[in-house]
Amino acid sequence: MDKRLPPQLTPEIRSLAVARASKARSERSEVRSDLRSGARSFFDIVIDPRMSIKKMRVLELLESLPGVGLTRAQAIMSRAEISPTRRIAGLGRHQIAILRKEPLLRKVKSAAGSLVVMSGPGGVGKSTIAAALRRDPRFWVSVSATTRSPRLGESDGVDYFFLSDEEFSRQIAAGEFLEWAEFAGARYGTPKAAVNRARMEGRDVLLEIEISGARQVRKSDPTAILVFISPPTWQELEDRLVGRGTDTPERRQARLDLARLEMAAASEFDHILVNHRVEQVLAELVSLVSSPNA
Ligand code: 5GP
């Protein structure tokens, strides 16, 4: 066989490629028409997980919005410091924050729900907050997968999806996690499909995850709202952590060291909410979600 010749595509592969390209074209044209009719907002498109949409140019999307022609689209892009050829996948958090303030982009309310990522040191009360939001119909609280064993009273599919190491590795390889991290000797991950589904149904999604997972979401989704829950004082956190049962002194020290590391990450978050009272934190979370960049 002559190695200089390009590989010959079989008719099956060729027709598969043609079908894929035509599907991508029709998805993109559907997006443009949704924007024109006001069925979806610009920010709904930014979080659309389909690759055909992620590859669309920002300029093309802006131009499709009612009341925005080429000139206005270019002016919006320059205010947000977005280069003319930028694609949706390349938009950053800073740019999204500026775009959220554009009156022409605020006209259509987003159909998709927000993504709220909540982190903070152990013992700060994150699980109480998450449990309260589970009872709030506006929110959908994600159920993570983990390789750790269930604790007393925990059930599969409710508190976590308890997976074997092999199954967890398979799901990482298949790209099924929005983020995942190792924590205290076990692995934890957020199932991507369920989060996307809930957001597309218009529900605000809450992830209660540790800090390195929050960092991953920050990178992959510029629209995510990152919230750090802080204790009123270090002493209060220490009392709560130390008061937790029958730890050995070494284990207690390890908890405190970890909490100190976690506290040091607070400034990486968009908002820091001090947990004086759970009701107050809940009210603040609800207001953040209703006006993410106010
Ligand atoms: P626990 O084992 O006590 O339920 O959780 C330990 C830590 O794992 C907590 O800080 C919790 O927020 C975090 N965690 C739970 N689910 C996830 C997840 O899906 N991803 C990440 N990155 N952390 C998680």
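Quick rundown of the values:
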| item | result |
| --- | --- |
| Hits in the stretch 253-277 (condition: surrounded by 13 or more Cβ atoms within 10 Å (Cβ to Cβ) and either in a helix (DSSP H, G or I) or free of Cβ contacts under 8 Å to residues at least 12 places away in the same chain (or both)) | Ala254, Arg255, Leu256, Leu258, Ala259, Arg260, Glu262, Met263, Ala266, Glu268 |
| Residue that is farthest from the ligand (Cβ to nearest atom) [pool: residues in the stretch 154-173 that are among the charged types (D, E, K, R) and surrounded by 12 or more Cβ atoms within 10 Å (Cβ to Cβ)] | Arg170 |
| Failed criterion for Arg151 (all others in (1) more than 18 Å from the chain's Cα centre (by Cα); (2) charged (D, E, K, R); (3) surrounded by 13 or more Cβ atoms within 10 Å (Cβ to Cβ); (4) within 14 Å of the ligand (Cβ to nearest atom) hold) | (3) |
| Set Ser164, Ser220, Ser169: member being polar (S, T, N, Q) and closer than 25 Å to Arg93 by Cβ | Ser220 |
| The listed residue being modelled with pLDDT under 95 and in contact with a helix residue (DSSP H, G or I) (Cβ under 6 Å, 6 or more places away or on another chain), out of Pro6, Pro49 | Pro49 |
| Selected residue (only one of Arg134, Arg138 is of a type in the set (D, E, K, R), without any contact (Cβ under 8 Å) to a residue 12 or more places away in the chain and within 30 Å of Val274 (Cα to Cα)) | Arg134 |
| Every pair of residues 6+ apart whose Cβ atoms lie under 8 Å, when the first sits in the stretch 14-28 and is within 16 Å of Lys55 (Cβ to Cβ) while the second is in a helix (DSSP H, G or I) and among the β-branched types (Val, Ile, Thr) | Glu27/Ile53; Arg28/Ile53 |
| Of the criteria (1) touching a residue at least 40 places away in the same chain (Cβ under 8 Å); (2) of a type outside the set (Lys, Arg); (3) over 28 Å from Asp204 (Cβ atoms), which one Ser41 fails | (3) |
| Hits in the stretch 179-190 - residues which are more than 8 Å from the ligand (Cβ to nearest atom) and in contact (Cβ under 8 Å) with a residue 12 or more places away in the chain | Gly185, Arg187 |
| Restricting the stretch 194-207 to residues that are of a type outside the set (Lys, Arg) and touching a Leu at 6+ places or on another chain (Cβ under 9 Å), the residue that is nearest to the ligand (Cβ to nearest atom) | Leu207 |
| Test: Val205 is surrounded by 18 or more Cβ atoms within 10 Å (Cβ to Cβ) and either outside the structural domain of Asp44 (by TED's automatic domain parsing) or hydroxyl-bearing (Ser, Thr, Tyr) (or both) | yes |
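For (1) acidic (Asp, Glu); (2) in a helix (DSSP H, G or I); (3) away from the ligand (no atom under 16 Å from the Cβ), each residue gets a yes or a no:
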{"site": "Arg36", "(1), (2), (3)": "no, yes, yes"}
{"site": "Ile45", "(1), (2), (3)": "no, yes, yes"}
{"site": "Asp48", "(1), (2), (3)": "yes, no, yes"}
{"site": "Arg72", "(1), (2), (3)": "no, yes, yes"}
{"site": "Val117", "(1), (2), (3)": "no, no, no"}
{"site": "Val124", "(1), (2), (3)": "no, no, no"}
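The values are calculated or read from the model by the stated rules, or taken from the named source; none is laboratory data. Remember, predicted model here, so these are calculated numbers, not experimental data. When we count neighbours, we look across all protein chains shown, and the Cβ atoms used for this are built from the backbone with ideal geometry, even at glycine.
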